[in-house]
1. Subtracting the Cα-Cα distance from 0.36 nm times the residue separation, let me have the gained length for ALA240 to SER310 in nm, one decimal.
2. Just how far, in whole angstrom, is the stretch 106-130 from the stretch 184-228 if you go by their alpha carbon centroids?
3. Can you tell me the 0 to 90 degree angle between the C-alpha axis of helix 244-253 and the longest principal axis of the chain, rounded to 10?
4. Taking the beta-carbon count within 10 Å as an exposure proxy, list ARG211, ARG89, ARG407 from fewest neighbours to most.
5. What are the ³J(HN,Hα) values, in whole Hz, obtained from phi via the Karplus relation 6.51 cos²θ - 1.76 cosθ + 1.60 with θ = phi - 60°, for each residue of the stretch 319-325 in sequence order, with x given for Gly and Pro?
6. Under 29 Å Cα to Cα from LYS223, which lysines show up? Leave out anything in the same chain fewer than 8 places away.
7. Between rounded, prolate and oblate, where does the stretch 288-435 land on the alpha carbon gyration tensor, with a ≥ b ≥ c its root eigenvalues, rounded for a/c under 1.5, else prolate if a/b exceeds b/c?
8. Listing ASP394, ASP408, ASP423, ASP39 from the residue with the fewest other Cβ atoms within 10 Å to the one with the most, what is the order?
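What follows draws every value from the coordinates through simple rules; no lab data is involved. What you see is a predicted model, and the numbers here were worked out from it, not measured in a lab. Glycine gets a Cβ as well: all are built from the backbone with ideal geometry, and neighbour counts include every protein chain shown.
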Amino acid sequence: MSAILIRNGRIIDGTGHQPLQNGSILIENGRFKEITNRDIKVPPQADVIEAAGKTALPGLIDMHAHLLSGGFDTITEVIDSFDVQTQKRALKQMLYWGVTTVYNPVQPLDGGLQLREDAAAGWFPSPRLFISGPGFTAPGGWAGSLLPIARMEPHDLKEAEQQVQQLAEAKVDILKIYYDTQCCAFLSPLPKLEKSIMEAIIRQAHAMKLRVMLHAYDNEYHKDALRAGIDILAHSAVTAPIDEEYIELAKDSKVLYLSTLSIYHDAFNEKSLRNYVAQDFVQNTISKKTLETLAAGGPLDGFEKSIKQSYLMEQLPTIQANLKKIFQNGVAIGVGPDTGVMGAFPGLSVHREMELMVQAGVPPASVLMAATKTAAQYLEASEFGTIEPGKVADLILINGEPLKDIRDTRNIDMVIQNGVIIDREKLLQEIQEYQ
């Protein structure tokens, strides 16, 4: 494998340290070998990249991504059909936008395991993939998909423990629990998993050395799960300002808080979503077939009538303030936009989420760390997430200074994954061939 030398650029290594100015990065055999602002001898046959005026960041990590298009073209009557070509296209799109690692929280078990294996083997361009397998929910409850093979519906504690053991033995990465009536979002509430079963799933998962993500909007449901030791909150606390009890529970649980501001800001507000979609960087990189489903007079209008849009718009300031308070109190935050839902386009959604997190009051440096080092820690992956000697060489090179304007992360000049320069133009061509 040839070497890559990136020189004379700005380096934000993801550790929280101050950026290294006029720095150079040497990559050999798929790993970072040297990071310095001193001269580096150019190895024979190395690709030399002049990075003056550019910024190097670790590859981005999406901690909450459904492998859908971000429009209604990939949604069926069962919500998510888990079509393999749709999923591969979403993963390619993520890689195009510098997302080198992704956690997909709901999959039929066999299909998810196969997709993860194919991505790892390099059968198609893809971020590194982490999966959950089927999501746990109440019988008839919300689980992101109505397909029986993508749902676990335990009726009692024993069945819940057996299902956790099944997924653990299959070697999924993280479990996903749906513990919510969806009453904050949907006009008609759905059954919620029993509290004792939710607690049993977390207890058994931890015994099997598995972490657990929770889907819930209601603050009180968050508290129930935090008391049970939940590891990742997939969504913001929506229903009220978080209180001191919530903060203490979050600290005790050492939870990772994902705000999914993209959902509350865009998916539940068609005006905001369409203003976002109208921008050139969306129009030029997202399939027209996808964008057409979000236009006025299309399925988005019907969807907005089925949800509590006005309530969620009213709650947006509270949702934003909750993220800021969580951050200011030292609770870990990550970047997980709920990719795949309306307007949360694969890959691009991570950049949108980071933009909205900064708007909510989180400093850009902390947002970048949330999207890299912190996410890798919660994936229990020490091999990537920062630009440090010995780590896997996942990197994006951007034009601009994201610490001054976080939106500069969209101005990608180059993506490197596992020490290999990604052919972004080819990826974009493949994405745009979908019509």
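1. 23.7 nm
2. With the stretch 184-228 and the stretch 106-130 each reduced to a Cα centre, they are spaced 26 Å.
3. That works out to roughly 60 degrees.
4. The most exposed by this proxy come first: ARG407, ARG211, ARG89.
5. Karplus-based 3J(HN,Hα) across the stretch 319-325 equals 4, 5, 5, 5, 4, 4, 5 Hz.
6. Cα-Cα hits under 29 Å: LYS158, LYS171, LYS176, LYS192, LYS195, LYS209, LYS251, LYS254, LYS308, LYS324, LYS325, LYS373.
7. Values: a/c = 2.17, a/b = 1.17, b/c = 1.85.
Since a/c reaches 1.5 but b/c is at least a/b, the shape of the stretch 288-435 is classed as oblate.
8. ASP39, ASP423, ASP408, ASP394
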